[in-house]
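Have a look at the structure below before the remarks.
The values are calculated or read from the model by the stated rules, or taken from the named source; none is laboratory data. These numbers were taken from a predicted model, which means no experiment stands behind them. Counting neighbours? That spans all protein chains shown, and the Cβs are built from the backbone with ideal geometry, glycine included.
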Amino acid sequence: MWFFMITSYIMVGLSGIGLLMIGVNHYINIWPTSHITFDLLVSIIFIAAQTLVMFFFVGTGVNIKEYAQEHPEIGDKFYQGILGIKRKLYPPTLMVTILFMVAVILDGAFFLGKVNEWWFHIFYFLTIYYYIKATVVQHRAFVGSTHIVLAMTGMDK
């Protein structure tokens, strides 16, 4: 559990750096080859990070559900707690992923001369906003799931 949580934090941090570098690369051209190859490299990291976060909570939910089934005396309050966390976590995580992919596609389309640059600006700044929002929600979700696991196993005392 801790390994995946720490890895998620690292990957989300790297994807944030990559997101900022896409913006810098759009204006300064710091990547020695084309913009599209840099965007694809960052996309792999970004998508992997968001997917890792989502699968962490899928796995945690499954583990909590199995533990609750093995220990019926604790009821389903812990499982309901993790479901509440996932309801808050998934919408901004999915939204930032979708916005990021649209921004990357528009960045490539602009450099191919197919769209106006303003489309990239709009989606890029929306992506930054949702990245910050999703990262805050993800952090709260990690803290909440840790409290649930500790309370469930009786180690929070």
Among (1) within 28 Å of Leu41 (Cα to Cα); (2) part of a helix (DSSP H, G or I) - the single one Arg87 does not satisfy: (1)
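Have a look at Ile10, Ile82, Ile45, Ile30 and point out the one that is out of contact with any Phe, Trp or Tyr (no Cβ under 6 Å at 6 or more places or on another chain), farther than 30 Å from Thr153 by Cβ and modelled with pLDDT of 85 or more.
Result: Ile45 is the single residue among Ile10, Ile82, Ile45, Ile30 that is out of contact with any Phe, Trp or Tyr (no Cβ under 6 Å at 6 or more places or on another chain), farther than 30 Å from Thr153 by Cβ and modelled with pLDDT of 85 or more.
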Number of positions in region 28-76 that are part of a helix (DSSP H, G or I) and farther than 20 Å from Pro92 by Cβ: 21
One residue from Ile36, Ile22, Ile98, Ile17 being touching a Gly at 6+ places or on another chain (Cβ under 7 Å), under 30 Å from Trp118 (Cα atoms) and among the hydrophobic types (A, V, I, L, M, F, W, C): Ile36
Long-range neighbours under 7 Å by Cβ, at least six apart or interchain, first residue more than 30 Å from Thr127 (Cβ to Cβ) and surrounded by 14 or more Cβ atoms within 10 Å (Cβ to Cβ) within region 68-94, second aromatic (Phe, Trp, Tyr) and modelled with pLDDT under 90: Ala68/Phe78; Ala68/Tyr79
Cross-chain or 6+ apart pairs with Cβ under 7 Å, region 129-157 first and buried (at least 19 other Cβ atoms within 10 Å of the Cβ), then polar (S, T, N, Q): Ala134/Thr93; Gln138/Thr93; Ser145/Thr60
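Going by the structure shown, is Gln50 touching a Leu at 6+ places or on another chain (Cβ under 9 Å) and under 29 Å from His147 (Cβ atoms)? Working first, answer last.
Working: touching a Leu at 6+ places or on another chain (Cβ under 9 Å): yes; under 29 Å from His147 (Cβ atoms): yes.
The answer is yes for Gln50.
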Among the residues listed as Thr33, Thr37, Thr51, Thr7, the single one being without any contact (Cβ under 8 Å) to a residue 12 or more places away in the chain and surrounded by 13 or more Cβ atoms within 10 Å (Cβ to Cβ): Thr51
